[in-house]
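Visitor: This structure is in structure tokens; I'll ask about it shortly.
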Amino acid sequence: MKGSFLIYFALLCIVLGATFYSSSTPYEKQDIRGNIGHLIDAKKASHYLGGISFVYGKKEISIKALGVPGFIEFFIRKATHFLTFALTAFLMYHVLRGWTMPQTALPWSGFLALAAAVLDEWHQSFTPNRTPMLSDVVLDGTGICLMLVMIGLVLAFRTKRKRRPVG
């Protein structure tokens, strides 16, 4: 157990450190629209995705508003938010699981991962050309909740399997 705890703890530190670094980096240094523009056929993308339009954080998200590269970059950035904080919750759970029961580790890992998401957005407020957004915290929280549900289902399945009579 001690070896796996150290691995989960190290991975959690790496993920949180990478998140902090990313929040410290101005948007211009993270902008991948140029790379996307070279990889994606804008006409095809416009044909298939041109009808998609919605509001996120009080801004219109569409190909018309952002261009094809900006539209695709938006989804990459938001998927990264979602997955990063889902992973944070997963690692946080396994770190806390080394100290406490699963029933206690599960809600605390969610709370601490959400606290990290809030602190990440607050930290962005100090970075040039970065904007903290409540909608990003909600997205992060959704990733966290999905991960916690998945962990809970695995725990429930394992408990049910252990209770089955043999024979």
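The values are calculated or read from the model by the stated rules, or taken from the named source; none is laboratory data. These figures come from a predicted structure and were not determined experimentally. Methodologically, a virtual Cβ is constructed for each residue, glycine included, from the backbone with ideal geometry; neighbour enumeration extends over all protein chains shown.
Visitor: Return yes or no: is Lys160 basic (Lys, Arg), over 30 Å from Lys59 (Cβ atoms) and assigned to a helix (DSSP H, G or I)?
Guide: On the way: basic (Lys, Arg): yes; over 30 Å from Lys59 (Cβ atoms): yes; assigned to a helix (DSSP H, G or I): yes.
It is true that Lys160 is basic (Lys, Arg), over 30 Å from Lys59 (Cβ atoms) and assigned to a helix (DSSP H, G or I).
Visitor: Can you work out which of the residues in segment 112-153 that are of a type in the set (A, V, I, L, M) and more than 24 Å from Cys13 (Cβ to Cβ) is farthest from the chain's Cα centre (by Cα)?
Guide: Looking only at segment 112-153, we keep the residues that are of a type in the set (A, V, I, L, M), and these are 112-119, 133-134, 137-139, 144, 146-151, 153.
Adding the requirement that they be more than 24 Å from Cys13 (Cβ to Cβ) leaves 133-134, 138, 149, 153.
Working: Met133: 14, Leu134: 14, Val138: 10, Val149: 15, Leu153: 20 Å.
Checking each candidate, the answer is Leu153.
Visitor: May I pose another question? Quick one: which of Ile32, Ile36, Ile40, Ile52 is closer than 18 Å to Leu139 by Cβ and either hydrophobic (A, V, I, L, M, F, W, C) or modelled with pLDDT under 95 (or both)? Explain how you work it out, then say what you get.
Guide: Numbers: Ile32 fails: closer than 18 Å to Leu139 by Cβ; Ile36 fails: closer than 18 Å to Leu139 by Cβ; Ile40 fails: closer than 18 Å to Leu139 by Cβ.
From the options Ile32, Ile36, Ile40, Ile52, the qualifying one is Ile52.
Visitor: For segment 110-141, what are the residues that are in contact with a Lys or Arg (Cβ under 8 Å, 6 or more places away or on another chain) and either among the β-branched types (Val, Ile, Thr) or under 30 Å from Gly3 (Cβ atoms) (or both)?
Guide: Result: no residue meets the conditions.
Visitor: With (1) charged (D, E, K, R); (2) without any contact (Cβ under 8 Å) to a residue 60 or more places away in the chain; (3) in contact with a helix residue (DSSP H, G or I) (Cβ under 9 Å, 6 or more places away or on another chain) as the list, and Lys160 as the residue in question, which single condition is left unmet?
Guide: With respect to (1) charged (D, E, K, R); (2) without any contact (Cβ under 8 Å) to a residue 60 or more places away in the chain; (3) in contact with a helix residue (DSSP H, G or I) (Cβ under 9 Å, 6 or more places away or on another chain), Lys160 is out only on (3).
Visitor: Here's a check for you: in segment 92-147, which residue that is crowded, with 18+ Cβ neighbours inside 10 Å and touching a Pro at 6+ places or on another chain (Cβ under 7 Å) is modelled with the highest pLDDT?
Guide: Glu121
Visitor: Look through Ile76, Ile72, Ile32, Ile52 and report the one residue that is under 18 Å from the mean Cα position of the chain (by Cα) and surrounded by fewer than 16 Cβ atoms within 10 Å (Cβ to Cβ).
Guide: Values: Ile72 fails: surrounded by fewer than 16 Cβ atoms within 10 Å (Cβ to Cβ); Ile32 fails: under 18 Å from the mean Cα position of the chain (by Cα); Ile52 fails: under 18 Å from the mean Cα position of the chain (by Cα).
Matching residue, one of Ile76, Ile72, Ile32, Ile52: Ile76.
Visitor: Given the criteria closer than 17 Å to Tyr21 by Cα and among the hydrophobic types (A, V, I, L, M, F, W, C), does Phe126 qualify? Talk me through it step by step, then tell me what you get.
Guide: Details: closer than 17 Å to Tyr21 by Cα: yes; among the hydrophobic types (A, V, I, L, M, F, W, C): yes.
Spelling it out, Phe126 is indeed closer than 17 Å to Tyr21 by Cα and among the hydrophobic types (A, V, I, L, M, F, W, C).
Visitor: Which pairs do you get when a residue that is closer than 16 Å to Ser135 by Cβ, found in segment 71-94, comes within reach of a residue that is among the β-branched types (Val, Ile, Thr), reach meaning Cβ atoms under 7 angstrom, with the pair 6+ apart or on two chains?
Guide: Phe74/Ile61; Phe82/Thr142; Thr84/Val15; Thr84/Thr19; Phe85/Ile144
Visitor: Which of (1) of a type in the set (Asp, Glu); (2) touching an Asp or Glu at 6+ places or on another chain (Cβ under 9 Å); (3) over 14 Å from Ser22 (Cα atoms) is the odd one out, the single condition Glu121 does not satisfy?
Guide: Only one criterion is unmet by Glu121, namely (3).
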